[in-house]
Amino acid sequence: MGIDVAGSTFGIHTETTSYVFGVTGEGLLRHLHWGGRIELCDVIVEPLWELSTNDLIQDVTPQEYPGHGRFRYNEHCLAIMFSDGGRELDLRYAGHDLGAALVVHLRDDRGVRVDLHYEVLESIDVIRRWVVVYADVPVSVQAVASAQFHIPYRDLDLRNVAGRWGAEFQEIVQPVTSKVVLESRRGISNHHHNPYAVLSRQATETSGQVWGMALAFSGNTKTVVEQTQYGQTLVQLGINDADLAIALNAGDSFTAPAVVATYTPHGFDALSQNLHDYGRSLMEPTPRPVLYNSWEATNFAVTCDAQIALAHRAAQIGAELFVVDDGWFGRRNPEPTGGITDGLGDWWVDPAKFPDGLTPLIDEVHQLGMTFGIWVEPEMVNPGSDLYAAHPDWIYHEQGREPDTARGQYVLNLTLAPVQEFITQMLDDLLAENVIGYVKWDANRPMSQVGAGRDVWYRHVQALYDIVREVKGRHPGVLFEACASGGGRIDFGALSVFDDFWTSDNTDALDRLDIHRGYSLVYPPQAMRAWVTDVPNFLSQRSIALTFRFHSAMTGSLGIGCDLTAMSDEDLRASAKHVQQYEQLRPLMQRWHRLENPSSNDYRLIQYSSPAGAVLFVFLPASRLGHTSTTVRLRGLEPTARYRFELDWQTHVARGDYLMNRGVRVWLQGDYASTVIRFDRMDD
Ligand code: DGJ
């Protein structure tokens, strides 16, 4: 059993870790341990005392879920306003229930109760926490974090990402010396920071203590990391309290999104394995099909004939899925405005582009042996659309102000029932009338002017999840890709309803290596879509060799976004070979490892391992002085098993311990050089 209780002490145990807290004499929930596995019978609860008249017990106690008020000056998890304007909260322990999860009850005498839920996924060293707030009197919830954690060190490094459109998931590392806040206020999880915190102590990829926490929510989020004055590091994750107010009537409750947490003493690789395992537990296990997407090839200038021409070439190189991107609907025309000011909301097939509807294209795609997929942006509407003309009141805007456009579009108010019904029905009809196996759900602008309701930030995201779940329930088997101008909607909340992530509009194969690396710390590579596109790249203007572009995209779920009708026969043949190779490697591509590069040359090393073998990707963006080789020490192999591989035009056989401890030498020359090496485990 992963959860045990001894008197007023609670233990949540995975196979190798323990999370322990207990009830203090004051009725506060005091955090006691999060780290390696311990037994509850050994726990000594040392007395805690107020350090001075300025360091009182509410702050000195590392609390599991502190409320605002009294002598609590460090971060609080819950802030409430009562109907008389009172805001003091005094949450005390009021019992617990132990079933599949542990539920600890907290109560405030003025009519607020909070249930803290703890669930354990023992085999992957992950715990899940979430809270439910119950109102027995009318209240306004002003802040509600999902969980607070205490790490028993004060000298930790924080890892997250900082980015923007086209530059998502750029890894940042900073020592936590005071308080750091990472947040989104855009209504989507955003391109800037991501809703997680990874804290480490002198850790490398393979050694050192690491704690990771990620929030499953795709809207406004806030992560606070603070070195407390009492020698610990406090981490809090939840929906953002900026511009938040959730009204609860007597009898109402509010469930905050879950936080996933893991600890390992074995470095960042082990942390990623735990979180990837968790991510994969949310996903359909079948591998994502090799995709062709028309966006970079045709932009808004979509026509049935041109898409059919692309589909023929896509099938020729071995794509398994053909996705028509933006431009097939409404009056979504490329000229004169670039296609962005009209069409969104009018989800009828443009007869000028598809005189006989989508069926001829879909039939052709099916005859070519591929699944058909389609792009939509259901949360948005253009001012010039029929939908907006019929329902100008369906968008977010503040009375008396000009509504905001970004990319020429408004955001639909998803909290309105008619809007939810419209989107659900539109998708239901689209999928019922056409044989579609894949939907790319885009969202190309942040929210603004949300109006009077300050709970909209939360309810919009909930409505999004509900709609996707409902449509998937009506059309089982259809995969949904989450895209928000690239990687603006990537988090575990999105992964619980979507099947694939579009990680960035930046398709430059070198930039993507950094984006993939940042993404890989927390999220599983199986959901990371990556395309090979034309050169010079539209963003970087770099011309990278086709092989490097393929190898870079093959580290994720392979996609192709080239204008295949303009591709030379030689490149088409090479592309077909790469796709075939990817399909052969795919079963071995299970666990992702960021390998260290000991060379003075800038090699980038990415490896996958699986019980059947491994795949190693080696990239050399630019050869540097000395043109040195690198030594690759693999990970995740069975030490005593033997593996067969090709290196320097020779076949070798070596044991896992040799490959992991001594490693193999790989030498690339030139710029944008790359190679992929397969290691097959031999029968024992
Ligand atoms: C942004 C996406 O990230 C692109 O892949 C493409 O779908 C465009 N939107 C279409 O407008």
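The values are calculated or read from the model by the stated rules, or taken from the named source; none is laboratory data. Computed from a predicted structure; not experimentally measured. Neighbour counts are summed over all protein chains in view; Cβ atoms, including those assigned to glycine, are modelled from backbone coordinates with ideal geometry. These area figures cover heavy atoms from the full protein model, side chains too; ligands, DNA and RNA do not enter into them. Shrake-Rupley method; radii C 1.70, N 1.55, O 1.52, S 1.80 Å.
Projected onto its three principal axes, the C-alpha set of segment 403-451 covers 37, 23, 12 Å, listed from the longest axis down. Can you tell me how segment 255-294 classifies by the Cα gyration tensor, rounded, prolate or oblate, using a/c under 1.5 as the rounded cut? Verdict is oblate for segment 255-294.
Pairs of alpha carbons in segment 2-281 separated by more than 22 Å make up 56% of all such pairs.
Of the solvent-accessible surface of segment 291-587, computed with a 1.4 Å probe and all protein chains present, 49% belongs to carbon and sulfur. Annotation: per residue accessible area for segment 364-482 equals 39 Å², rounded to a whole number [probe 1.4 Å, protein chains only].
In segment 472-545, the inverse of the mean reciprocal separation of distinct Cα atoms equals 13.3 Å; this is its Kirkwood hydrodynamic radius. Mean projection of the Cα convex hull over all viewing directions, computed for segment 260-329: 7.4 nm².
Computed over neighbours whose Cβ is under 13 Å from that of ALA654, the net charge equals +3, Lys and Arg +1, Asp and Glu -1. Relative to the compact-globule estimate of 2.2 N^0.38 Å, the Cα radius of gyration of segment 77-126 comes out at 1.49.
Mean sequence separation of contacting Cα pairs (under 8 Å, at least six apart), scaled by the length of the chain, corresponds to a relative contact order of 10 percent.
Dipole magnitude for the chain: computed about the Cα centre from +1 point charges on Lys and Arg Cβ and -1 point charges on Asp and Glu Cβ, it is near 1600 debye.
For segment 540-610, the C-alpha radius of gyration sits at 1.27 times the compact-globule guess of 2.2 N^0.38 Å, with N the residue count.
Only one residue of TRP130, LEU32, SER8 has its Cα farthest out toward the positive end of the dipole of the chain, where Lys and Arg carry +1 and Asp and Glu -1 on Cβ, and that residue is LEU32. Evaluated at q = 0.14, 0.18 Å⁻¹, the base-10 log of the normalised Debye intensity for segment 301-433, with identical point scatterers placed on the Cα atoms, takes the values -0.68, -1.00. Oblate is the label for segment 573-655, because the ratio a/c of its alpha-carbon gyration tensor axes (a ≥ b ≥ c) is 1.5 or higher and a/b is not greater than b/c. Overall, the anisotropy analysis places segment 3-118 in the oblate class: the square-rooted eigenvalues a ≥ b ≥ c of its C-alpha gyration tensor yield a/c not less than 1.5, with a/b not exceeding b/c.
For segment 291-587, averaging the sequence separation of C-alpha pairs within contact (under 8 Å, six or more residues apart) and dividing by the residue count gives a relative contact order of 17 percent. The HN-Hα couplings worked out from phi for segment 23-35 by the Karplus form 6.51 cos²θ - 1.76 cosθ + 1.60 (θ = phi - 60°) are 9, 8, x, 7, x, 8, 8, 9, 5, 10, 6, 9, x Hz, whole numbers, x standing for Gly and Pro.
Radius of gyration (Cα atoms) of segment 291-587, expressed as a multiple of 2.2 N^0.38 Å: 0.99. Pairs from the list LYS222/LYS472; LYS440/LYS577; LYS353/LYS577; LYS222/LYS440 with a Cα-Cα gap above 31 Å: LYS353/LYS577. Under the convention that each Lys and Arg Cβ holds +1 and each Asp and Glu Cβ holds -1, the size of the dipole of segment 291-587 around its Cα centre is about 820 debye.
Ranking PHE480, GLY408, LEU585 by how far each Cα lies toward the positive end of the dipole of the chain (charges on Cβ) leaves LEU585 at the top. Computed from the alpha carbon atoms alone, the convex hull of the chain holds 172 Å³ per residue. The sum of -39500 (n - 2.57) across all DSSP H runs of n ≥ 4, divided by the residue count of the chain, sets its helix-only mean residue ellipticity at 222 nm to -6000 deg cm²/dmol. Taking Lys and Arg as +1 and Asp and Glu as -1, the other residues whose beta-carbon sits under 9 Å from that of ASP325 total -2.
Placing unit charges on the Cβ atoms of the charged side chains and taking the dipole of segment 291-587 about its Cα centre, the candidate lying farthest along the positive direction among THR359, MET447, ASN506 is ASN506.
Placing unit charges on the Cβ atoms only, positive for Lys and Arg and negative for Asp and Glu, gives segment 373-457 a dipole magnitude near 300 debye about its Cα centre.
Among the chymotrypsin sites (Phe, Trp or Tyr not before Pro) in segment 36-126, those located in a DSSP loop and surrounded by at most 10 other Cβ atoms within 10 Å of their own Cβ are TRP49.
For segment 593-681, the per residue solvent-accessible surface stands at 48 Å², with DNA, RNA and ligands left out and a 1.4 Å probe.
State, as an integer percentage, the relative contact order of segment 593-681 based on alpha-carbon contacts under 8 Å between residues 6 or more apart. About 34 percent, as a whole number. Relative to one another, the C-alpha centroids of segment 179-251 and segment 367-408 are positioned 31 Å apart. Remark on ARG70: its backbone amide H falls under 5 Å from those of LEU89, a criterion applied only to residues 5 or more positions apart or on other chains, H modelled at 1.01 Å from N. What do you get for Rg/Rh over segment 379-527 if you use C-alpha atoms and the Kirkwood form of Rh? Here Rg/Rh amounts to 0.98. Across segment 103-212, the fraction of Cα-Cα pairs farther apart than 25 Å, rounded to a whole number, is 42%.
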